[in-house]
Amino acid sequence: MPESIDVPTHVSARQVPQGWRLPLILLLFIGSGAAALIYEIVWFQLLQLVIGSSAVSLGVLLGTFMGGMCLGSLLLPHLVSAKHHPLRVYAYIELGIGAIGLLVLIVMPLVGSLYTAWGGYGLSGFLLRGLVAAIMLLPPTLLMGATLPAVARWVQTTPAGISWLGFFYGGNIAGAVFGCLLAGFYLLRVHDMSIATYVAAAINVGVAVLALVIASTTQHSQTDEIQVAHEPATDGGPALQPEAGAGVVYVAIALSGLCALASEVIWTRTLGLLFGASVYTFSIILAVFLVGLGIGSSMGSLLARTSQTPRLLFGWCQMFAALAVAWGAYVLSVSLPYWPINPSISTNIWYNFQLDLVRAFWTLLPAALFWGASFPLALASIVSRGQDAGKLVGGVYAANTLGAIIGSLGASLLLVAWLGSQRAQQLLVALSAISGLLLLTQAVDRSPAAKFRSLGFVGLLLVAGLAGLAIRYVPPMSELLVAYGRYSATWVNQSEIIYMGEGVNSSVAVSRVRSGVLNYHNAGKIQASSEPQDMRLQRMLGHFTTLMPRNARSVVVIGCGAGVTAGAVSIDPRVERVTIAEIEPLVPEVVSTHFAEHNFNVVKNPKVQIRIDDARHFILTSKEKFDAITSDPLDPWVKGAATLYTKEFFEAVRDHLNPGGVVTLFVQLYESNPAAVKSEVATFLEVFPNGAIWGNTHQGRGYDMVLLGQVEPLKIDIDEIQARLNRPEYAPVAQSLRQIGINSAVDLFATYAGRRPDLDPWMKDAVINRDRNLRLQYLAGMGLNLYENGVIYDDILNHRRFPADMFTGSEASLQMLRNSLQRVGN
């Protein structure tokens with residue numbers, strides 16, 4: 001680019017050195033990418049709170065987000081004249097993104113309240129989810145998609161000139177890596193979504209100001225093209241004509257985007273099993289994927305500057321990407337689960353993050369490099385002098401993004417659930433190979449020498465055969481990985497996997513160990529089992545839910561799991577209707593087959609209705625009230641699970657209770673830390689100050705807990721509960737309790753561990769988990785390798801006092817309870 005001042009009149013603008021501008025433009029794109037990823041993480045988190053976190057909801061969000069970027073890249077060249085200074089246009093776009101980002105924080109509560117008032121199920125609910133996503137995401141994403149086409153008008157439309165866009169694109173991705181890690185490991189962990197948004201908006205403003213400063217140093221008439229170093233000037237020369245067959249390039253770059261995003265969806269899901277599906281895991285995976293794209297884009301840009309055959313190189317990138325997809329599938333199913341690794345050896349989670357980073361690079365980097373290189377090579381394949389660079393870039397970017405939309409939605413909603421990961425990845429290898437063969441065939445066919453064309457077609461046959469072998473040897477999904485996740489290597493030959501299935505939202509498995517114990521697996525770990533300590537917790541959770549409320553006709557069970565909790569609820573004679581809110585359709589089918597003996601065949605009970613939906617979405621949009629609600633969600637460190645532990649969600653649960661109704665909540669002590677447990681307990685008791693804690697011990701140590709809340713002051717008549725258990729119609733309930741070692745009402749209430757007045761000193765430094773910070777998932781994610789359950793529970797018991805105002809009954813019953821609590825405390 002030429003300098004704008006002190007330019008001798010005899011020097012052509014194209015001959016003036018570019019000076020300091022290009023590095024600054026690269027800096028602009030780095031900043032823009034960082035802000036965009038912060039926004040993306042924040043907006044998705046905010047909107048999932050409203051429309052749910054099911055695969056359907058995530059598909060709507062992702063499709064809207066990427067669709068907006070696709071439209072923005074197409075529309076800008078048609079709506080904004082090329083006469084406007086590109087950097088000024090870019091600056092105004094960045095200011096617009098920042099303004100809308102701040103506006104989202106103001107508008108979101110209003111949109112959320114309207115949605116929960118009107119939202120529901122079926123087609124109307126689906127359409128309303130899409131409308132909410134469009135209202136919130138289309139305005140900013142249209143602007144985000146327009147940034148690259150806007151600046152593209154400042155480059156010379158030759159392969160060498162267009163290569164600068166590859167560097168800018170790579171810089172944008174580098175910024176996205178920084179934004180991803182900054183948001184995931186600092187802004188949202190330490191602060192909240194509002195602070196993260198303010199930081200992103202500040203970056204937008206800084207980028208805009210810098211763009212305006214650069215624009216002020218030169219006139220657009222002088223800077224309509226970036227002159228690439230060492231390229232001879234061609235003033236007055238004829239414009240180059242576009243190459244024929246550009247349609248093949250658009251198809252290939254669309255297939256590249258499809259394969260890249262579909263593979264990312266599948267690999268993210270699989271790596272989430274291997275690493276533990278925490279927020280930190282997903283930040284690491286996304287950052288590594290973006291790093292590969294950024295490096296690949298820069299390498300592709302270097303090749304595009306000098307290559308005379310960018311279309312041929314583009315074709316080879318697609319062929320190597322096909323092999324890299326097969327590599328990723330092999331590593332994830334055959335290699336990584338069997339690396340001799342036990343994550344719990346180290347109690348410092350940061351060492352695990354380092355290990356996860358290495359494994360993510362080993363899996364993702366090869367394919368990401370080739371996909372990243374494809375974009376600048378695609379541009380160089382169809383560029384010619386005299387084109388509107390904005391339209392050129394907008395078209396290629398839109399084709400790539402359209403393919404990415406199809407790939408991400410297809411993989412997340414259809415391919416994995418219908419075909420399984422193996423078949424889905426085989427399809428992606430084939431599609432990537434097809435795109436490469438289309439380009440290579442075209443390049444070979446254009447060879448001027450017949451001899452080279454013949455040799456080229458022989459080579460193509462060999463390449464096609466290699467791709468076929470890659471498809472043939474894509475391995476099936478590892479059952480051990482689905483069952484045991486990050487502990488796979490420690491469970492080799494230790495159990496029999498009797499079922500494994502990949503669903504829309506998650507993969508589940510059922511295993512049997514040598515002792516005959518059945519395990520239900522979800523999110524790469526045992527979530528429920530027929531082990532005595534697990535059966536005790538699940539039965540306690542269910543029976544507290546129906547024994548404690550004034551009435552117990554209508555009950556909601558959040559999370560089906562192995563169905564044991566729901567089964568315990570269903571056998572209470574007062575219960576007339578049980579609604580199970582389960583996000584994964586596979587789960588009820590699986591547990592009805594394998595756990596019917598332990599869960600009283602709950603799935604086939606005529607009292608039971610199963611609602612396939614995100615539990616938070618179900619509660620928020622339900623127009624009903626219930627007598628009791630019990631929640632047994634996934635571990636709080638699993639990404640998204642913390643939304644079921646927020647103060648706002650507990651308030652929604654409270655508002656859906658009938659008078660005298662109760663809510664119960666499972667809280668794990670293992671694989672957690674004191675900060676996370678305090679946050680769960682303090683947040684619950686903030687909404688239900690009359691609540692109480694009941695402990696489940698294993699081998700004399702705290703294992704997990706049940707929190708019980710009620711709007712009214714909690715009054716428990718021990719003798720009345722015992723009299724109920726003695727009735728003939730309650731025989732199944734009494735028998736269920738005896739099976740877990742609870743032979744009387746006194747035994748049940750001897751699990752009492754504390755309540756708010758006792759625990760206020762213990763909770764003084766607790767962080768309240770709110771929708772705007774979801775702090776629990778960040779706290780819990782730091783403790784998923786810890787087993788401090790005994791210490792945490794003992795600390796709670798140290799604050800316990802006998803609640804004389806809560807328990808009533810005969811003096812004999814009260815004295816028995818005091819004695820039992822004293823024995824437990826000792």
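The values are calculated or read from the model by the stated rules, or taken from the named source; none is laboratory data. Keep in mind that this is a model prediction, so the values were computed, not measured. Using ideal geometry, Cβ is built from the backbone for each residue, glycine included, and neighbour counts are taken over all protein chains shown. Heads up: the accessible areas ignore ligands, DNA and RNA and are worked out on the full protein's heavy atoms, side chains in. Shrake-Rupley method; radii C 1.70, N 1.55, O 1.52, S 1.80 Å.
What the table below lists for this structure:
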item	result
Region 595-624 - residue that is without any contact (Cβ under 8 Å) to a residue 40 or more places away in the chain and within 23 Å of Ile740 (Cα to Cα) and, of those, most open to solvent (accessible area, probe 1.4 Å)	Glu597
Which numbered condition Gly783 misses (of (1) outside any helix (DSSP H, G or I); (2) under 26 Å from Ala628 (Cβ atoms); (3) of a type outside the set (D, E, K, R))	(2)
Exclusive hit being open to solvent by less than 10 Å² (accessible area, probe 1.4 Å) and modelled with pLDDT under 85, set Gly19, Gly119, Gly98	Gly119
Inter-residue pairs, beta-carbon under 7 Å, first closer than 20 Å to Thr401 by Cα and in region 75-97, second open to solvent by 40 Å² or more (accessible area, probe 1.4 Å) and not in a helix (DSSP H, G or I), 6+ apart	Pro77/Asp388
Condition check for Asp771: under 20 Å from Val687 (Cβ atoms), touching a residue at least 24 places away in the same chain (Cβ under 8 Å) and among the acidic types (Asp, Glu)	yes
Some residue of region 577-594 being at pLDDT 95 or above, surrounded by fewer than 21 Cβ atoms within 10 Å (Cβ to Cβ) and over 32 Å from the mean Cα position of the chain (by Cα)	yes
Matching option when the condition is open to solvent by less than 30 Å² (accessible area, probe 1.4 Å) and touching a Cys at 6+ places or on another chain (Cβ under 8 Å), among Ala254, Ala321	Ala321
Every residue from region 137-183 that is over 22 Å from Ser374 (Cα atoms) and either at pLDDT below 85 or open to solvent by 10 Å² or more (accessible area, probe 1.4 Å) (or both)	Leu138, Pro139, Leu142, Leu143, Phe178, Leu181, Leu182
Matching helices (runs of 4 or more DSSP H) fully within region 519-605 where at least 1 residues are more than 20 Å from Gln735 (Cβ to Cβ)	586-594
Selection count where residues are open to solvent by 70 Å² or more (accessible area, probe 1.4 Å), polar (S, T, N, Q) and under 45 Å from the mean Cα position of the chain (by Cα), scope region 785-821	1
Test result for Gly276, touching a Leu at 6+ places or on another chain (Cβ under 8 Å), over 25 Å from Lys525 (Cα atoms), touching a residue at least 24 places away in the same chain (Cβ under 8 Å) and open to solvent by less than 10 Å² (accessible area, probe 1.4 Å)	no
The lone exception for Arg129 - which of (1) surrounded by fewer than 20 Cβ atoms within 10 Å (Cβ to Cβ); (2) at pLDDT below 85; (3) among the basic types (Lys, Arg) it fails	(1)
Scope region 61-95; condition of a type outside the set (Val, Ile, Thr), modelled with pLDDT of 90 or more and open to solvent by less than 40 Å² (accessible area, probe 1.4 Å); matching residues	Ala91, Glu94
Residue that is touching a Lys or Arg at 6+ places or on another chain (Cβ under 6 Å), more than 22 Å from Leu547 (Cα to Cα) and charged (D, E, K, R), where the choices are Lys647, Lys623, Lys639, Lys678	Lys647
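Let's see how each residue does on (1) at positive phi; (2) open to solvent by less than 60 Å² (accessible area, probe 1.4 Å); (3) of a type in the set (A, V, I, L, M, F, W, C); (4) not in a helix (DSSP H, G or I):
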residue: Ile284; (1), (2), (3), (4): no, yes, yes, no
residue: Leu290; (1), (2), (3), (4): no, yes, yes, no
residue: Leu302; (1), (2), (3), (4): no, no, yes, no
residue: Arg311; (1), (2), (3), (4): no, yes, no, no
residue: Gly315; (1), (2), (3), (4): no, yes, no, no
residue: Gly328; (1), (2), (3), (4): no, yes, no, no
residue: Val331; (1), (2), (3), (4): no, yes, yes, no
residue: Val334; (1), (2), (3), (4): no, no, yes, no
residue: Pro337; (1), (2), (3), (4): no, yes, no, no
